[in-house]
Every structure is written in C-alpha cells, then in structure tokens.
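The values are calculated or read from the model by the stated rules, or taken from the named source; none is laboratory data. As the structure is a computational prediction, the values presented were derived from the model and not from experiment. Ideal geometry is used to build each Cβ from the backbone, glycine not excepted, and the neighbour counts take in all protein chains shown.
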Amino acid sequence: MRPRPTIRFRLTALYAVVVFLAGGLLLAVSYALLDGHLHNTLSDATADDLLAQLRGQYLLALFAVTALAVLLGWVIAGRALAPLRTIANAARSVSGESLTRRVALRGPDDELHELADTFDEMLERLDSAFASQKRFVADASHELRTPLTVLRTEVEVALANPDASVAELRATAEVVREEVQRFEALLESLLALARSEARALAADEPVDLADIARRVVSLLQSKAATRDVLLTVEAQSAIASGDRELLEQMVFNLVDNAVTHNCNGGFAEVAVEPRGETAALRVVNSGPHVPDESVQLLTEPFHRLERRRDRRGAGVGLSIVRAVAAAHGGRLELTAREDGGLVADVELPAVRASRGPRRLGRGSSRELRSPGGTSPEPSAQPTAP
C-alpha cells in the first residue's frame with residue numbers, strides 16, 4: 001500500500017526544493033562570474049581546470065546543503081505541526097459522552113492557536129446543544145406521556161364498565177377529545193420549535209411586523225377582555241425578511257403569553273417600530289412578579305413558573321419565539337418588570353422592499369393558532385412560559 005503524503009512530508013519536500021533551487025541559482029551566478037573573471041586573468045587551460053574543480057565542489061556543496069535542509073525541514077515541520085496532532089487527538093476522543101474534552105493549546109498566539117480556540121468553542125457549543133437536547137427529549141417524553149396516560153385510563157375505565165350510561169360514555173369521549181387536541185397542539189408546537197431551531201425557513205419574503213401585530217391583537221382582544229386585560233397596539237411599519245408563518249407564530253406567542261400570564265385589571269402593550277437597521281417588536285405586560293434568575297429560563301422548552309394541573313400550555317411558546325428570532329438573524333431579550341410582568345424585546349434585521357409586503361388581514365386563509373392548539377377564542381389556553 002502506497003504511503004500517504006503527509007503534510008510533514010510535503011513541507012519537508014518543499015523546504016528541500018526551495019533550498020536546492022535557491023542554492024543552485026546562487027552557485028550558478030557565482031560560477032558565471034568566476035568563469036568570466038578567470039578567463040580574463042588566466043590562460044584558458046588553467047581557467048578551465050579551475051572551473052572543473054569548482055563545479056565538483058559546487059555540486060557537492062549543493063547536495064550537502066539540500067540534505068541538511070531535508071533533515072532540518074523534517075524536524076521543524078514536526079514541531080510546527082505538533083499542535084495539529086493535539087487537535088486531531090482531541091477530535092478523535094470526542095463523543096456524545098465526552099464533550100467536556102478541550103484542546104486548551106498553549107504557545108504563541110498564531111493561526112494554530114486560533115484553530116484550537118475555535119475547536120474548543122465548537123465543543124462548548126456542542127456540549128451545550130447535547131445537554132439541551134437531552135433535557136428536551138426527557139421533558140418532551142414526559143409531556144407526551146401525560147395525554148397518552150389520560151387517554152388509556154379513560155378508555156380502560158369505560159371498557160371496564162359494561163353498564164356505562166350514554167352520559168358516562170359521552171363524558172369519556174369529551175375527555176378523550178380534549179386530550180387528543182392537547183396532544184395535537186403539543187406536536188405542532190414541537191414541530192414549530194424544531195423547524196425554527198433547524199433554521200428551516202420555508203420562504204424569504206418581506207414581512208411587515210406591524211400588520212402581523214395589529215392582526216394578532218385584533219384576534220386576542222376578546223380573550224383579553226374576558227381576562228380583564230387592557231390590550232393595546234402601537235405599530236409603525238417595520239419590514240423584516242423571512243418566513244411569514246413563523247413570524248406570525250412568534251408575534252402571536254408573545255402577545256398570547258402577555259395576555260395569559262397577566263392579572264385582573266392588568267395591561268398588555270404591543271409596539272412595533274423600525275429601530276436603526278432593525279425591525280423591533282416590544283411586548284410589555286403586567287402580571288405576577290418574575291424572579292430575575294428565572295427570566296432566562298422562560299425560553300427553555302417546557303419551563304413554567306407555575307405547574308398547575310389545569311394549565312393547558314405546553315411550555316414551549318417562548319422557546320419558539322427565541323428560535324424563530326434566531327432563525328431570522330435576530331434575538332429575543334426578556335426583562336422582568338419591578339411591578340410584575342415581563343418586557344419582551346425582539347429585534348430582527350430590517351430590509352427595504354421595493355414594494356410593500358402583502359397585507360395579512362382578517363380574511364387570511366391561514367388561521368392563527370395558539371400554542372395550546374386552539375383558535376384564539378376566550379376559552380383557549382395558550383402556552384405558558
């Protein structure tokens with residue numbers, strides 16, 4: 001089997017070739033100068049004899065220097081490439097269970113040190129992603145198991161009673177329908193979250209966040225009134241580029257979250273405006289006090305500040321908002337209000353469109369759905385943070 005040409009071998013050969021050519025050129029120039037000088041000062045026979053001896057000595061010196069270049073080049077290339085072997089060994093040892101391994105290269109701040117630092121940063125991101133994935137799978141398994149358990153229990157109870165009345169069977173059917181809807185809603189939320197985190201944008205078109213915000217507020221006004229929440233919107237045209245459906249889901253989740261997690265007599269304010277090179281969306285709402293240490297946890301899937309049995313939210317609403325914003329090159333920032341409630345700021349890269357984006361009015365064929373899987377009627381229970 002033919003040995004592979006390693007980088008060390010190629011660098012050594014390159015050093016040798018460069019030294020051989022440079023040395024050969026230098027000796028050729030020196031020989032030409034001596035040739036002219038000797039023939040001008042000595043007889044032709046004497047000059048030819050001296051030049052013949054000189055050619056042999058020059059060739060011997062050239063090959064000796066080339067051999068020394070090969071030896072030194074091999075050593076120098078080995079020392080220069082040693083960090084690459086360290087990085088390669090670290091890469092081979094990395095697996096899903098050993099992502100804590102780091103190169104931590106020492107030495108001069110050169111390109112190889114930069115490569116090692118970049119590799120360590122990649123491992124850090126992978127470690128975080130794997131940990132988040134494991135946590136997500138565990139939480140998702142628990143959330144998916146709950147409706148299935150309820151369904152099985154209801155069905156088994158109904159089958160165990162051969163004399164069940166029509167009213168009892170209808171009650172069982174209603175529970176089953178409710179849990180199926182919850183199951184479907186959870187699956188839709190998980191698919192939206194996975195699609196957003198995978199940056200799988202189905203379209204890239206100019207979208208006016210102001211149009212979406214006004215429509216979402218209009219859809220949620222009845223729910224806000226039922227909960228005694230004053231819902232207002234102040235929207236200036238702010239155009240972002242991306243997937244309209246995901247952006248609609250992002251805005252709906254934010255506003256729905258502000259209405260759901262509020263207090264009687266509270267408020268929810270929605271504002272859209274162009275802010276420099278960004279299209280900015282801000283949702284401010286009153287509500288229960290949120291501890292500062294819990295604010296960032298609200299964007300983690302299935303994280304809730306409260307876990308009540310009657311809570312219908314899947315706990316992925318703000319996770320979807322964060323993922324959609326990131327998929328469009330933007331960011332979500334949450335801040336707890338001193339008086340209770342949250343301030344949610346979303347900034348997306350703004351674009352200039354030659355023509356305005358298609359307005360999405362009430363007659364849109366696509367129905368906005370809350371994270372709870374139902375249309376945004378007053379009885380719907382959207383996602384909790």
With the condition kept exactly as written, say whether any residue in the stretch 242-259 is farther than 30 Å from residue 133 by Cβ and in a loop (DSSP other than H, G, I, E, B). no
So, residue 167, is that one hydrophobic (A, V, I, L, M, F, W, C), outside any loop (DSSP other than H, G, I, E, B) and touching a residue at least 12 places away in the same chain (Cβ under 8 Å) or not? no
Under 29 Å from the mean Cα position of the chain (by Cα) and closer than 13 Å to residue 318 by Cα: does that describe residue 254? yes
Only one of these conditions is not met by residue 138: (1) at pLDDT 75 or above; (2) over 30 Å from residue 244 (Cβ atoms). Which number is it? (1)
Can you name the residue in the stretch 316-335 that is closer than 14 Å to residue 258 by Cα and in contact with a Pro (Cβ under 7 Å, 6 or more places away or on another chain) and, of all such residues, is modelled with the lowest pLDDT? 317
Filter the stretch 260-279 down to the residues that are on the phi < 0 side of the Ramachandran plot and either touching a Pro at 6+ places or on another chain (Cβ under 7 Å) or not in a strand (DSSP E or B) (or both) and list them by number. 260, 261, 262, 263, 264, 277, 278
Do any residues in the stretch 21-50 that are of a type in the set (A, V, I, L, M) have Cβ atoms under 8 Å from those of residues that are not in a helix (DSSP H, G or I), where the two are at least six apart or on different chains, and which pairs are they? 50/42
Determine which member of the set 151, 246, 190, 186 is on the phi < 0 side of the Ramachandran plot, modelled with pLDDT under 90, in the same structural domain as residue 323 (by TED's automatic domain parsing) and aliphatic (A, V, I, L, M). 246
Based on what the data block shows, is residue 83 more than 24 Å from the chain's Cα centre (by Cα) and in a loop (DSSP other than H, G, I, E, B)? no
Looking only at residues that are among the polar types (S, T, N, Q) and within 30 Å of residue 324 (Cβ to Cβ) in the stretch 155-194, which one is surrounded by the most Cβ atoms within 10 Å (Cβ to Cβ)? 189
State all residues of the stretch 316-339 that are surrounded by 24 or more Cβ atoms within 10 Å (Cβ to Cβ) and of a type in the set (Val, Ile, Thr); if no residue qualifies, say none. 316, 320, 321, 324
Could you please let me know if residue 266 is at pLDDT 90 or above and closer than 20 Å to residue 231 by Cβ? yes
